[in-house]
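Below you will find the structure I want to go over with you.
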Amino acid sequence: MQSNSSPGGRPASNSPVGRPAGWHNWAGNVTASPRRIAAPATAEEVAAEVRRAAEDGLTIRMTGSGHSFTPTAVSDGVLLNPGRLTAIRSVDAAAGTVTVEAGCPLHVLNAELLARGLSLANMGDIQVQTVAGATQTGTHGTGRDLGGMAAQVAGLELVLADGRIVTCSAQNPTAAGVSLFDAARVGLGALGVVTAVTFNVVPAFLLEAREEPMSWSQVISQLDELTADNEHFEFYWFPHSEGCLTKRNNRSDGPARPLPRWRYWLDDEFLSNSVFNLTCQLGRRMPSIIPTVNSMAAKALGSRTYTDAAYKVFTSPRRVRFKEEEYAVPRAALSDVLAEVKSLFQRRDWRISFPIEVRVTPGDDLWLSTAYGRDSAYIAIHVFHSSPHEEYFGDVESIMTAVGGRPHWGKMHTRDADYLAGVYPKHGDFVAVRDALDPDRRFGNAYLTQVLGA
Ligand SMILES: Cc1cc2nc3c(=O)[nH]c(=O)nc-3n(C[C@H](O)[C@H](O)[C@H](O)COP(=O)(O)OP(=O)(O)OC[C@H]3O[C@@H](n4cnc5c(N)ncnc54)[C@H](O)[C@@H]3O)c2cc1C
């Protein structure tokens, strides 16, 4: 487990089920006070909760592990904790699929798959989210040829607002009279409570990770080659400096050469988390030191190469709490957008400790995927959890929206349904499916009103 949270967010797991209790997300910037919390263990129990909520005139939603920065998971009616809906239902190695219950954390799925010689093909940076939570907001990593987590979904089981349990899949995309598979893979929890997810999986594979510092100008001048020549390329730029850390992950025939335990502890636990946490706290009190610290960090994170099971290379621990905004922009606009973001730092008196993360994915066909219909690049910005974010996030957001950027559904943004209808060609179709399936907004909350309309 990579961060100290569990399915259901913090601290729903220690809130008594059934009684009113507080809930807050991992970052601590979203809270909820639902009328009741329930932890169903089967799809039938979820359906009973949905019917009961309807009888009581309450909204109802299920949370994942609370790792979204937006108030997407919250409900002031009934909050379903996924902690008892975590089983691996079936693995079909021949078909290359695995079916897991919605609340299964990714780290459990990854370990179980590896034990069976299987793996997800691509992942994001962490593995503590639940399978439903990760896919419902379009969680992604970086990939030249491989898209985000929801693009690997082969089928879904959902409980609809009327309590029906339905399934949809690539082979049978229509259910309840609507194109459920297209709409519900990235469904924001707006169409139903997902009770199980079937993923396409691949034979387990090794990734060789090559991490090395490069200067901003080197990275920008080679961006096309770096993203074309590597299966998974990403980089971090340290604001107020010219330093970048690049990461190239490519499949390897082996042998596995994991990081020695001491090196993993030093780099990934001590420097990237413990020391970084201290420098963030120090920077919060003395912002003037941040440019120096960032320049040092860009140099301190030296080159390293290692080869390990794919999920151990894709993911790493993130214990320093932060707030985040991330936008997907057309891949072709990436260099220009990055140059504009960098120039903001010359005009503003900011002191930002967190590196800016840049990733890419190919276009896909999931209606509300940030990569729908276009090759995409992602730019993610962060601030320490207790630092103000408004001006920084707002100014960067203006750059992103000028090129038709699409905000990550789980990361902070200020976009509304009108804007989103303009950048998602299938936004209207999604809203129509929602109208058909949930006319009473049983699964509604304020965030969905913001991004989908009333
Ligand atoms: C440290 C950190 C690192 C991150 N790294 C990445 C990254 O690399 N790439 C990336 O794209 N994102 C990343 N994220 C964002 C994160 O992956 C998403 O916000 C994801 O949705 C969180 O999953 P969760 O299980 O915590 O779900 P939650 O945040 O709890 O819920 C997300 C949404 O899914 C809905 N939901 C959950 N379960 C169900 C269900 N059973 N049925 C219907 N709806 C459901 C919720 O209601 C809510 O709308 C990161 C976040 C953090 C805090």
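Considering each residue of segment 281-300, count those that are among the aliphatic types (A, V, I, L, M), out of contact with any helix residue (DSSP H, G or I) (no Cβ under 7 Å at 6 or more places or on another chain) and in contact (Cβ under 8 Å) with a residue 60 or more places away in the chain, and give that number.
Of the residues in segment 281-300, 1 are among the aliphatic types (A, V, I, L, M), out of contact with any helix residue (DSSP H, G or I) (no Cβ under 7 Å at 6 or more places or on another chain) and in contact (Cβ under 8 Å) with a residue 60 or more places away in the chain.
From the list SER303, SER335, pick out the single residue that is modelled with pLDDT of 95 or more, surrounded by fewer than 23 Cβ atoms within 10 Å (Cβ to Cβ) and more than 17 Å from the chain's Cα centre (by Cα).
SER335
Would you check which residues across segment 428-454 are closer than 20 Å to ALA32 by Cβ and assigned to a helix (DSSP H, G or I) and list them?
ALA446, TYR447, LEU448, THR449, GLN450, VAL451, LEU452
Considering each of ALA121, ALA115 in turn, give the residue that is out of contact with any strand residue (DSSP E or B) (no Cβ under 9 Å at 6 or more places or on another chain) and more than 20 Å from VAL433 (Cα to Cα).
Just a single option satisfies the conditions, and that option is ALA115.
Filter segment 180-208 down to the residues that are touching a Ser or Thr at 6+ places or on another chain (Cβ under 8 Å) and acidic (Asp, Glu) and list them by number.
Scanning segment 180-208 gives a single hit, GLU208.
Okay, moving on. Of ALA115, ALA93, which residue is at pLDDT below 95 and on the phi < 0 side of the Ramachandran plot?
Going through ALA115, ALA93 in turn, the sole match is ALA93.
With respect to the numbered conditions (1) within 16 Å of the ligand (Cβ to nearest atom); (2) open to solvent by 10 Å² or more (accessible area, probe 1.4 Å); (3) modelled with pLDDT of 95 or more, which one is the sole condition not fulfilled by MET1?
If we test MET1 against (1) within 16 Å of the ligand (Cβ to nearest atom); (2) open to solvent by 10 Å² or more (accessible area, probe 1.4 Å); (3) modelled with pLDDT of 95 or more, just (3) comes out false.
List the helices (runs of 4 or more DSSP H) inside segment 270-354, counting only whole elements, that have at least 1 residues being more than 30 Å from ARG257 (Cβ to Cβ).
Per the criteria, 276-285, 290-300, 334-347.
Taking the condition over 24 Å from ARG359 (Cα atoms), open to solvent by less than 30 Å² (accessible area, probe 1.4 Å) and among the small types (Gly, Ala, Ser), does ALA102 pass?
Spelling it out, ALA102 is indeed over 24 Å from ARG359 (Cα atoms), open to solvent by less than 30 Å² (accessible area, probe 1.4 Å) and among the small types (Gly, Ala, Ser).
Kindly indicate which of ALA41, ALA48, ALA95, ALA54 is assigned to a loop (DSSP other than H, G, I, E, B), open to solvent by 10 Å² or more (accessible area, probe 1.4 Å) and in contact (Cβ under 8 Å) with a residue 40 or more places away in the chain.
Selected residue: ALA41, the only one of ALA41, ALA48, ALA95, ALA54 that is assigned to a loop (DSSP other than H, G, I, E, B), open to solvent by 10 Å² or more (accessible area, probe 1.4 Å) and in contact (Cβ under 8 Å) with a residue 40 or more places away in the chain.
Now for a separate question. Across segment 57-79, what is the number of residues that are touching a Leu at 6+ places or on another chain (Cβ under 9 Å) and either outside any loop (DSSP other than H, G, I, E, B) or among the basic types (Lys, Arg) (or both)?
Of the residues in segment 57-79, 4 are touching a Leu at 6+ places or on another chain (Cβ under 9 Å) and either outside any loop (DSSP other than H, G, I, E, B) or among the basic types (Lys, Arg) (or both).
Determine whether segment 362-370 contains at least one residue that is in contact (Cβ under 8 Å) with a residue 60 or more places away in the chain, in contact with a helix residue (DSSP H, G or I) (Cβ under 9 Å, 6 or more places away or on another chain) and either under 23 Å from THR279 (Cα atoms) or not in a loop (DSSP other than H, G, I, E, B) (or both).
Yes, segment 362-370 has at least one match.
Output the number of the condition that HIS385 fails; it satisfies all remaining conditions of (1) closer than 29 Å to ARG164 by Cα; (2) within 16 Å of the ligand (Cβ to nearest atom).
The single condition HIS385 does not satisfy is (1).
In this structure, is LEU191 at pLDDT 95 or above, out of contact with any Asp or Glu (no Cβ under 6 Å at 6 or more places or on another chain) and among the hydrophobic types (A, V, I, L, M, F, W, C)?
Judged against the criteria, LEU191 is a match.
Could you please give the count of residues in segment 4-38 that are of a type in the set (Gly, Ala, Ser), in a loop (DSSP other than H, G, I, E, B) and at pLDDT below 50?
Residues in segment 4-38 being of a type in the set (Gly, Ala, Ser), in a loop (DSSP other than H, G, I, E, B) and at pLDDT below 50: 4 in total.
Oh, and also: Among the numbered criteria (1) within 21 Å of the chain's Cα centre (by Cα); (2) not in a loop (DSSP other than H, G, I, E, B), which single criterion is violated by ASP395?
So the condition that ASP395 fails would be (1).
So which residues in segment 387-408 are of a type in the set (A, V, I, L, M, F, W, C) and surrounded by fewer than 19 Cβ atoms within 10 Å (Cβ to Cβ)?
Within segment 387-408, ALA402, VAL403 meet the criteria.
The values are calculated or read from the model by the stated rules, or taken from the named source; none is laboratory data. Quantities reported herein were computed from a predicted structural model and do not represent experimental measurements. Don't worry about glycine lacking a Cβ; one is built from the backbone with ideal geometry, like all the others, and counts go over all protein chains shown. With ligands, DNA and RNA removed, areas are computed over all heavy atoms of the protein, side chains included. Shrake-Rupley method; radii C 1.70, N 1.55, O 1.52, S 1.80 Å.
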